[in-house]
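Contents: one structure, followed by commentary.
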Amino acid sequence: MHFTADQIQFYRDHGYVAGPRVLDDHLLARLRQRFDDIIEGRTDFPDLLRGQTPKVGQLKGNLNGVKLVNVFRHDAVFAEVLRLESISALAHDLLPGPVRVWQDQAIMKVPHDETTGLAWHQDFAYNDQIGPPEWCTCWIALDDATVENGCMHVIPGSHRWPVRYNRDEVDANDMDWLLRRPDIPVDADLTQVPCEVRAGHCHFHHCRTFHGSYGNRTDNPRRSYVPILIPGNTVRVGSDWNPNRQASLGNIPIGGIVQGADFPELVSPVLV
Ligand SMILES: O=C(O)CCC(=O)C(=O)O
């Protein structure tokens, strides 16, 4: 399972690309069940790694729903996804190898909640202890993701803009904070594109691509599993500011390759 040359070029030009189905029915069902088991406390998943669920209507900037982080390091079922050859082959089409796992999230937008939006952002701003900012996020749908239930949206080409900020500058109460940045090129096209995707399928986005999502207006949850994948040349560039909710960079020095048991390599991709 690989991207075509046109799809790889699309990713380079636009900063995102739709991928194929990567989860079969069996694994999809187990992941949905496991997500529910974690949320409902039927596993020993650490409380520290569960996201806050702000009160309904409190703010638009944070995810009002459920967000688990560092999941694969604590849960054997989610860890299985990262051993799939399909994910590895697709990731190695986009990134120089060996591709490793940096972090992951599992996200649920609860039904009938317009406040489950996630403000426009770039992923690299929340992972600025590693670089260069040329890695990507793989977004895997555990339910069909649609405009109605809050699928991700991207702004094509935004990964090429010279926008740089520190996450402390972000106004989390303002969904569109990023879209008003003065360093967005004056002639930039801010058209938003929805990334609708069927359950079990994936899409990838560059870590500097502007993206966000809106609320869930449907009767059902919108669940996803979202690993962050880094190319083999990724190094530590800053302080280990979030060692509990992300991985700890431990003894890796500034400039050292992010590698080792905490950052597993994806399986060797099958070459075609
Ligand atoms: O799932 C979403 O709604 C947004 C996910 C996201 O922002 C991300 O993967 O970085």
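The values are calculated or read from the model by the stated rules, or taken from the named source; none is laboratory data. Since this is a predicted model, take the numbers as computed values, not measurements. Every residue, glycine as well, gets a Cβ built from its backbone with ideal geometry; the counts of neighbours run over all protein chains shown.
Only residues that are of a type in the set (Gly, Ala, Ser) and touching a Ser or Thr at 6+ places or on another chain (Cβ under 6 Å) were counted in region 139-198, giving 3. Within region 237-265, which residues are within 19 Å of the chain's Cα centre (by Cα), surrounded by fewer than 16 Cβ atoms within 10 Å (Cβ to Cβ) and of a type in the set (Gly, Ala, Ser)? Listed by number, the list holds a single entry, 248. Within region 110-122, residues that are away from the ligand (no atom under 13 Å from the Cβ) have Cβ atoms under 9 Å from residues that are polar (S, T, N, Q) and assigned to a strand (DSSP E or B) in these pairs: 111/216; 112/216; 114/216, counting only partners at least 6 apart in sequence or on another chain. For region 172-202, a tally of residues being farther than 30 Å from residue 29 by Cα, of a type outside the set (Gly, Ala, Ser) and under 20 Å from the mean Cα position of the chain (by Cα) returns 6.
Residue check: is residue 225 buried (at least 17 other Cβ atoms within 10 Å of the Cβ) and under 28 Å from residue 22 (Cβ atoms)? Against the criterion (buried (at least 17 other Cβ atoms within 10 Å of the Cβ) and under 28 Å from residue 22 (Cβ atoms)), residue 225 qualifies. Here residue 101 does not qualify as in contact (Cβ under 8 Å) with a residue 60 or more places away in the chain and more than 16 Å from the chain's Cα centre (by Cα).
Is at least one residue of region 158-171 modelled with pLDDT under 90 and under 18 Å from the mean Cα position of the chain (by Cα)? Yes, there is a match, as at least one residue in region 158-171 is modelled with pLDDT under 90 and under 18 Å from the mean Cα position of the chain (by Cα). The residue that is surrounded by the fewest Cβ atoms within 10 Å (Cβ to Cβ), among those in region 125-162 that are near the ligand (Cβ under 10 Å from one of its atoms) and aromatic (Phe, Trp, Tyr), is 126. For region 118-144, residues that are among the β-branched types (Val, Ile, Thr) and in a loop (DSSP other than H, G, I, E, B) total 0.
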